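A.B. asks: First the structure, which I've put down as structure tokens, then a few questions once you've had a look.
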Number of protein chains: 2
Amino acid sequence: MSDIDLLALRQSSTLSELVADKMEKLILSGQLAAGERINEAVLAKELGVSRGPVREASMLLTSRGLVEFIAFRGAFVRKISRAELLEIYDLRAVLTGQACHLAALKAGGDAGPLNDLHDRMEKAADSNKADKYYTLNLKFHECLVDMAGSSRLRTMIDSLVNEMHLYRQVSLRSHPDMAQSNREHRAILDAIIQGDAEKARELGEAHVRAGKKRFEAAGAETLVEDE
Amino acid sequence: MSDIDLLALRQSSTLSELVADKMEKLILSGQLAAGERINEAVLAKELGVSRGPVREASMLLTSRGLVEFIAFRGAFVRKISRAELLEIYDLRAVLTGQACHLAALKAGGDAGPLNDLHDRMEKAADSNKADKYYTLNLKFHECLVDMAGSSRLRTMIDSLVNEMHLYRQVSLRSHPDMAQSNREHRAILDAIIQGDAEKARELGEAHVRAGKKRFEAAGAETLVEDE
DNA sequence: TGATCCAAGATTGTCAACAATTTAATATTT
DNA sequence: AAATATTAAATTGTTGACAATCTTGGATCA
């Protein structure tokens, strides 16, 4: 892996990057709604910068999967259809599988901070704290990908997760069965600790696919999709 | 390096995109070497544009996996180590598997232009035309991904393929066994036509993994890697 | 000698004005 | 009145100038 990542950390923040972070928050919080056009001049004025950094930030967010550029028409907050969301689930499944595979190869019997996270999630599940569980769950998956040690894989998965959050502002927080989800985590964790890379892959993949099924099941009873 | 003709500008699109395409060619042809810093002012002058479009083009290429940005230091042509290349093979394997899976689901018994491509590759293999085979092979894989019908998947795989080409200017053209490679293509094709999605996935994945092994075998007898 | 510090040069980051293009609002034609 | 053409307004694309930052080469000091 390259040392370039460290250099990037050293000297933080060009204005464009700060604007990009700000915009990411605006988008993920829904203040910039999916499908909406991002008016460079307006946003620039609001943030107290010129159009340049806003433009560059928009391009940065393009590679993070949050923004779509159309020539001479502008930058739009991406809009994810239900069909795309399902597609994304599948991609995330195979990539998460690969992450678990790599994690198992590199763990050396030590699951690091994953064990602790798992315990805290169990507590959250027991006391039915869905919000807490959701936050920890995000962290757990991040941590898992970090263990795989591939910045490329991490970028790809992050991008997919970003896109998932764009699905109709619907936070995918509703977690029907935290206990079951966490049992799956436990199994993945065990496979990683035992160094069983192929099993870890299968379990990781299945875990995301199970999430997809949970979503589909929940979606069936909601309103009809119009696009 | 020639200037960009204005005819292309009017017909096509924004200057930044034209510059990006030009830069992509320069990079993939090795005229901009891996690891090299891209001097905005110099390149802008050579292409007859201002620094703006060059900057934007660099950012575009960042999301295509060809360029790395470091704040206040510039845009660098990415450099891929051997370890990274092997990692990329694995990622490409699972994504290609997913592409074959989707292609099998959507094909409906018709493999479209893939059959024709396969035939032409067989001829190229028989007459030992490695260059011809290499070109057709790229097309075959592109076509395969197109059949999957996921622009997201396509972008991801394209990016990985780009990065592979950055590995030490070594064109991965050397194909030790075209006949064997094409037999694998045939098997994938058959699975897609039969609509056997899981088999198509496995075969697609295995095909890329076989490419990885061929590379590793070939690399064993070359010089020692120094990074 | 070798390391450290400082200034000059080179290079990237930001800005504001201008050009090209799209979008809207209005006028024209049938 | 509906459809089309035309013009005006809004918005993005591009440029060159200036500011901030990094890199260099040389002077200073132990």
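A.B. asks: Just give me the residues in segment A:124-150 being under 14 Å from the mean Cα position of the chain (by Cα) and not acidic (Asp, Glu), in sequence order.
C.D. replies: Listed by number, the residues that qualify are A:Tyr134, A:Thr135, A:Leu136, A:Asn137, A:Leu138, A:Lys139, A:Phe140, A:His141, A:Cys143, A:Leu144, A:Val145.
A.B. asks: Restrict the check to segment A:25-36 and report whether at least one residue is outside the structural domain of A:Gly211 (by TED's automatic domain parsing) and within 9 Å of DNA strand D (Cβ to nearest atom).
C.D. replies: For segment A:25-36, residues outside the structural domain of A:Gly211 (by TED's automatic domain parsing) and within 9 Å of DNA strand D (Cβ to nearest atom): absent.
A.B. asks: Which one of these does B:Ala130 not meet: (1) more than 14 Å from chain A (Cβ to nearest Cβ); (2) free of Cβ contacts under 8 Å to residues at least 40 places away in the same chain; (3) closer than 29 Å to B:Lys79 by Cβ?
C.D. replies: For B:Ala130, the exception is condition (2).
A.B. asks: Sticking with this one: If a residue must be touching a Lys or Arg at 6+ places or on another chain (Cβ under 7 Å), aliphatic (A, V, I, L, M) and either near DNA strand C (Cβ under 7 Å from one of its atoms) or within 16 Å of B:Glu24 (Cβ to Cβ) (or both), how many such residues does segment B:37-66 contain?
C.D. replies: Summing the residues that are touching a Lys or Arg at 6+ places or on another chain (Cβ under 7 Å), aliphatic (A, V, I, L, M) and either near DNA strand C (Cβ under 7 Å from one of its atoms) or within 16 Å of B:Glu24 (Cβ to Cβ) (or both) in segment B:37-66 gives 3.
A.B. asks: Ok, one more. Can you tell me which of B:Ala125, B:Ala104, B:Ala93, B:Ala130 is among the small types (Gly, Ala, Ser) and farther than 21 Å from B:Met178 by Cα?
C.D. replies: Result: B:Ala104 is the single residue among B:Ala125, B:Ala104, B:Ala93, B:Ala130 that is among the small types (Gly, Ala, Ser) and farther than 21 Å from B:Met178 by Cα.
A.B. asks: Taking the condition of being modelled with pLDDT under 95 and part of a loop (DSSP other than H, G, I, E, B), how many residues in segment B:196-225 meet it?
C.D. replies: 5
A.B. asks: Could you list, in sequence order, all residues of segment B:7-24 that are modelled with pLDDT of 95 or more and either away from DNA strand C (no atom under 14 Å from the Cβ) or of a type in the set (D, E, K, R) (or both)?
C.D. replies: B:Glu17, B:Val19, B:Ala20, B:Asp21, B:Lys22, B:Glu24
A.B. asks: Let me ask something additional. Could you pull out the residue among A:Ala179, A:Ala187 that is among the aliphatic types (A, V, I, L, M), surrounded by 15 or more Cβ atoms within 10 Å (Cβ to Cβ) and under 15 Å from A:Gly211 (Cβ atoms)?
C.D. replies: A:Ala187
A.B. asks: Please list, ordered by residue number, the helices (runs of 4 or more DSSP H) wholly in segment B:8-119 having 3 or more residues that are within 8 Å of chain A (Cβ to nearest Cβ) and under 30 Å from B:Ala187 (Cα atoms).
C.D. replies: The qualifying helices (runs of 4 or more DSSP H) are B:82-107.
A.B. asks: Of these, B:Ile4, B:Ile27, which one is surrounded by 15 or more Cβ atoms within 10 Å (Cβ to Cβ), at pLDDT 95 or above and either within 15 Å of B:Met164 (Cα to Cα) or not polar (S, T, N, Q) (or both)?
C.D. replies: Of B:Ile4, B:Ile27, the one residue that is surrounded by 15 or more Cβ atoms within 10 Å (Cβ to Cβ), at pLDDT 95 or above and either within 15 Å of B:Met164 (Cα to Cα) or not polar (S, T, N, Q) (or both) is B:Ile27.
A.B. asks: Here's a follow-up. Can you tell which of B:Ala125, B:Ala71 is within 16 Å of DNA strand C (Cβ to nearest atom) and among the aliphatic types (A, V, I, L, M)?
C.D. replies: Residue meeting the stated conditions: B:Ala71.
A.B. asks: I need a count of the residues in segment B:30-47 that are buried (at least 18 other Cβ atoms within 10 Å of the Cβ) and in contact (Cβ under 8 Å) with a residue 60 or more places away in the chain.
C.D. replies: 0
The values are calculated or read from the model by the stated rules, or taken from the named source; none is laboratory data. What you see is a predicted model; the values in this text were computed from it and never measured. Every residue, glycine among them, receives a Cβ derived from its backbone with ideal geometry; neighbour counts consider all protein chains shown.
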